[in-house]
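The values are calculated or read from the model by the stated rules, or taken from the named source; none is laboratory data. Because the structure is predicted, anything quoted here is derived from the model rather than measured. Every residue, glycine as well, gets a Cβ built from its backbone with ideal geometry; the counts of neighbours run over all protein chains shown. These area figures cover heavy atoms from the full protein model, side chains too; ligands, DNA and RNA do not enter into them. Shrake-Rupley method; radii C 1.70, N 1.55, O 1.52, S 1.80 Å.
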Amino acid sequence: MALAGPSSALLSSSSSACLRRLNPLLLSAACRRPAWGQRRAAQRFCSAIASEADVFTSPEVAKSFDFANEERIYKWWESQGFFKPNFDRGGDPFVVPMPPPNVTGSLHMGHAMFVTLEDIMVRYFRMKGRPALWIPGTDHAGIATQLVVEKMLAAEGVKRTDLTREEFTKKVWEWKEKYGGTITNQIRRLGASCDWSRERFTLDEQLSRAVVEAFVRLHDKGLIYQGSYLVNWSPNLRTAVSDLEVEYSEEPGNLYFIKYRVAGGTRDDFLTIATTRPETLFGDVAIAVNPEDKRYAQHVGKLAIVPLTCGRHVPIIADRYVDPEFGTGVLKISPGHDHNDYHIARKLGLPILNVMNKDGTLNDVAGLYSGMDRFEAREKLWSDLVETNLAVKKEPYTLRVPRSQRGGEVIEPLISKQWFVTMEPLAEKALRAVEEGQLTILPERFEKIYNHWLTNIKDWCISRQLWWGHRIPVWYIVGKKCEEDYIVARTEEEAFAKAQEKYGKSVEIYQDPDVLDTWFSSALWPFSTLGWPDLSKEDYKHFYPSTVLETGHDILFFWVARMVMMGIEFTGSVPFSYVYLHGLIRDSEGRKMSKTLGNVIDPLDTIKDYGTDALRFTLSLGTAGQDLNLSTERLTSNKAFTNKLWNAGKFLLQNLPDRSDVSAWDFLLANKFDTEASLQKLPLPECWVVTGLHELIDRVSTSYDKFFFGDAAREIYDFFWADFADWYIEASKTRLYHSSDKLAAATAQSVLLYVFENILKLLHPFMPFVTEELWQAFPFRKQALMVTPWPTTDLPKDLRSIKRFQNLQSLIRGIRNVRAEYTVEPAKRISASVVATADVLDYVSKEKQVLALLSKLDVQNVHFTESAPGDANQSVHIVADEGLEAYLPLADMVDVSEEVKRLSKRLSKMQSEYDALVARLNSQSFVEKAPEEIVRGVREKASEAEEKISLTKNRLAFLQSTVST
């Protein structure tokens, strides 16, 4: 007996409609019409409920899942408050701070990737019962936003400099209010279950207060200082930019070879220097050669004359940094305009000359070239070098050009007075956090990169010459030197009070015009968003430190490491326990997506064509930290997966009791198969699929806990499609349609519902929309799927059923293969004799209906025996497994005489083709003259043809033997 006795209602005459629907072969078509009429009434009832709620659509009334429903479902989730953390079930909070996208941004695949992965985490742990908080927000993106607004004003004929700072920032705020919500609305479209009531913006009053507090505290500890150093300078924006905002591209250029005469030598006594930027020679402070380069040993210690500088002399020095193989092996040292030269000059104590103005023109140090644009000066300078016989040659050279990520112009290394953070003491604590296991970086290989960067860290330039951003909280004293006399304060009032105390009542002050690097405020994001520096804030007390920081591996240094350093410094805690790094999204050929290549895939267009669930599922299949190639083929495949789920839901709804049959539903919902006894009572297919589900729950839960999302997705996909849909649903039809056993039908219904519901739960974090829609289509839903408890792990498993059903599958596959091999008509039912040992026959024979249905056998002519049948020599023999075989009478499948004729004719043709191939290979001229790959191809074809001939001969001999018999 598979199950304990069902309720009397299920077996009573009141359930006859249900029985007729489950077993339509029992009654005539005329008798069945009322049952189908009742079902249509039930469908109208379900449809009316959905219509009233105006949220969900049932598979019974929709052919496929409608992507247009996704936004409606999302709004319903949000209206129900499901995105807020819920403490009802206890547990430690699970907190994820969203990497704040630029307020200027528009959704791209990088956003789609982080939203998908973070939402998977949050939905999973929410279902696990942990209060889940995903904190959304946007970044003010200083450079990007200012550039956007400047372009907007330029279109109106207005320059930024035509406005006061206050007027310009007002324009930016107006732009932000109008367009700043675009990116967050698009993130919603991806299904992000963020707590939007806690949405933050880096220029919010609270976050701005946190930024000022952080600056003041760091300065008070002596970790912030002001100085003139070499930075990346954007001549168009007139500001320093971070390393992250510099993109390098390979571009055609030139290598210029220039004579530097040796002071005191003859006219022919000179060194030839190769440079890509001759205009910087006015900033030369030395000429360097490798100390082991014998070509120039005699010149070390002497002076060289810098060309076109009216005889300015610089020392010729030796340093191991110089590569003797590059150019001529002689290097000009221009520390004011090259990062490597700058470090050499600092190491050796050389002076630093700046020849460039902040707009990219040359300054007075360049003499006659003063005021010229840097690229214009390059051409003019080379022309003059040629004229004065100081030019040796110019040859094409591929340059690695640094360009502004925002404006596109060539970045200039430039000495500029900026504010810096001393990073070494902060980095030491961040290194220890990983060493001591307080912070785990996933994948683990990125730990080495993290450690290398923090071990070799440089001080951080945090000031930007912009108007949009957090104004640096420093005030200067009118009439005093900025470098020596300044006030750091939290407010202007506090600064003025401090200034009066130090300089008297009549003192006048003015604020530093610069703003802080956007990354400075972003470094505080995990705790500033929760109320820091006010430690009494409830959110800070409940949700800090957060749990996981998920982002792209390309900003491990620029953002992640800085958050770790700032979190430890200001809160005493590592800001998150885990860092999960995803890779980049590339096109199907592995190329980086770019507008230039025309290979950009827009997430919103993708959602329209394939649905959000298919996009999310595709993105989730990648491996942590590795780039993912995105193709329309993958999206199409996963759209088909969505349809397969929908059709499975449709099948279940068509074969489960009507909603009005409450007692039948009570029975179905009560069966959870969570005990050994309940599992072992099930027939083989049911026991197999439930055991497989329980194994799946364990594996998938482990993968979720380890953040192996790709593994979890593939496991669910394979189980649903291969095991549940292709095998169990098909097997269940023998109970639903071809059996008069009402208990067997009820058992199959229970298993179908139990397995499908759990698949929806497991899949929900990946594909939230279609799973919620399907969940709501079934009656008596007490909760939304997204807040339904996660399936219990460590449920009972009958491993014996796995092996037994695999044997049954092997037998079915073997019969299917033979049918295909002999091209048996799909509708034709054939006979079979199953031969097995007694114990195997015991369980295989019980599934005669399943075997017959899935193998298309004549159920009346399927025989089970422990020995081969008498007509074995006229049957096709199948060995499914050790101790399990089958014999299929040949005469049942084909007309043997006709098949002999067909195969004889085919064999003759195959032999002719084979002989032709052999003849080519025996031709010496072909083998010697034809390309190697052509000859190899002919050999492979001949080998394949020979194998096919052998197989065909064997089959023909077998057929001929049956004819003679």
The ³J(HN,Hα) series, computed from each phi in the range 96-103 with the Karplus coefficients 6.51, -1.76 and 1.60 at θ = phi - 60°, rounded to the nearest Hz and given as x for glycine or proline, is 10, x, 5, x, x, x, 4, 5
For residue 455 the rounded accessible area (nearest 10 Å², probe 1.4 Å, non-protein molecules ignored) is 100
With the dipole of the chain defined by +1 on each Lys or Arg Cβ and -1 on each Asp or Glu Cβ, the option from 105, 875, 231 whose Cα lies farthest towards the positive pole is 875
Under the 7 Å Cα-to-Cβ spin-label approximation, residue 170 and residue 508 lie apart by a distance in nanometres of 2.4
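Treating only the Cβ of Lys, Arg, Asp and Glu as charged (+1, +1, -1, -1), what charge dipole size does the range 250-299 show about its Cα centre? Round to the nearest 20 debye.
The dipole of the range 250-299 has a size of about 280 debye.
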Relative contact order of the chain (C-alpha contacts under 8 Å, at least 6 apart) in percent is 13
Violations at 31 Å Cα threshold for listed pairs 176/537; 761/797; 84/706; 63/797; 84/608 -> 63/797
Check: C-alpha center the range 638-712 vs C-alpha center the range 456-496, spacing in Å is 62
Note on the range 391-526: contact order normalised by length, alpha-carbon pairs under 8 Å, 6 or more apart, percent, works out to 23
Rounded to the nearest 10, the angle in degrees between the Cα long axis of helix 492-503 and the longest principal axis of the Cα atoms of the chain comes to 30
tail above 12 Å in the computed P(r) of the range 195-237, as % of all Cα-Cα pairs, reads 74
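Given the Cα-Cα distance of residue 238 and residue 800 and 0.36 nm per residue of separation, how much length would full extension add, in nm?
My answer for the length gained is 195.0 nm.
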Surrounding charge for residue 804, neighbours by C-beta under 14 angstrom, Lys/Arg +1, Asp/Glu -1, total -3
Descending accessible area (1.4 Å probe), largest on the left, turns 540, 486 into 486, 540
Taking the dipole of the chain about the Cα centre (Lys, Arg +1; Asp, Glu -1; charges at Cβ), the one of 549, 526, 888 that reaches farthest to the positive side is 888
Burial-style ranking of 663-676, 844-857, 104-117, average other-beta-carbon count within 10 Å with highest first, yields 104-117, 844-857, 663-676
On the formula 1/(1 + (r/R0)^6), with r taken between the Cβ atoms of residue 705 and residue 438 and R0 of 22 Å, the FRET efficiency rounded to 0.05 is 0.70
Shape call for the range 137-236, from the Cα gyration tensor axes a ≥ b ≥ c (a/c under 1.5 means rounded, otherwise prolate when a/b beats b/c, else oblate), comes out oblate
The long-range amide H neighbours of residue 405, using H built 1.01 Å from N in the peptide plane and a cut-off of under 5 Å, are 246, 247
Expressed in nanometres to one decimal, the distance between label points 7 Å along Cα→Cβ at residue 448 and residue 848 is 6.4
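From the Cα gyration tensor of the range 335-487, with a ≥ b ≥ c the square roots of its eigenvalues, which class applies: rounded if a/c is under 1.5, or else prolate if a/b is larger than b/c, or else oblate?
Here the range 335-487 falls in the oblate category.
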In whole Hz, the Karplus estimates of ³J(HN,Hα) for the range 838-847 (6.51, -1.76, 1.60; θ = phi - 60°; x where Gly or Pro) are 4, 5, 6, 4, 4, 8, 5, 5, 5, 10
Relative to the compact-globule estimate 2.2 N^0.38 Å (N residues), the Cα gyration radius of the chain stands at a ratio of 1.27
Cross-link reach from residue 458 to aspartates and glutamates, straight Cα distance under 12 Å and at least 8 residues apart if same chain, gives 243, 424
Two pseudo-spin positions, 7 Å from Cα along C-beta at residue 592 and at residue 904, lie apart in nanometres by 6.9
Answer in debye to the nearest 20: the dipole magnitude of the range 623-769 about its Cα centre, from +1 Lys/Arg and -1 Asp/Glu charges placed on Cβ, is 340
By the mean-Cβ-within-10 Å protection proxy, highest first, 546-557, 323-334, 289-300 rank as 546-557, 323-334, 289-300
Expected vector for the range 639-650, Karplus 3J(HN,Hα) from phi with 6.51, -1.76, 1.60 and θ = phi - 60°, integer Hz, x for Gly and Pro, equals 5, 5, 5, 4, 5, 5, 4, 4, 5, 5, x, 4
Checked the range 180-284 against the a/c 1.5 cut and the a/b vs b/c comparison, axes a ≥ b ≥ c from its Cα gyration tensor; verdict oblate
Given 624-633, 610-619, 236-245, the highest-first ranking by average Cβ count within 10 Å works out to 610-619, 236-245, 624-633
In degrees rounded to 10, the 0-90 angle between helix 29-53 Cα long axis and the longest Cα principal axis of the chain is 20
With +1 on the Cβ of every Lys and Arg and -1 on the Cβ of every Asp and Glu, the dipole magnitude of the chain about its Cα centre, in debye rounded to the nearest 20, is 1620
Computed, not fitted: 222 nm per-residue ellipticity of the chain from DSSP H runs ≥ 4 (each -39500 (n - 2.57)), nearest 500, equal to -14000 deg cm²/dmol
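Normalised by the residues of the range 875-965, what does the relative contact order come to in percent, with Cα pairs under 8 Å and at least six apart?
Normalised by residue count, the contact order of the range 875-965 is 28 percent.
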Those trypsin sites (Lys or Arg not before Pro) from the range 470-551 that are DSSP loop and have at most 11 other Cβ neighbours within 10 Å turn out to be 481, 505
With no solvent term and unit scatterers on the alpha-carbon positions of the range 756-812, Debye gives log₁₀ I(q)/I(0) at q = 0.16, 0.24 Å⁻¹ of -0.65, -0.87
Relative to the chain, whose Cα atoms define the longest principal axis, helix 374-387 and its Cα axis are tilted in degrees, nearest 10, by 60
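Using 0.36 nm times the number of residues separating residue 395 and residue 254, minus their current alpha carbon distance, what extension gain do you get?
Extending this stretch completely gives an extra 50.2 nm.
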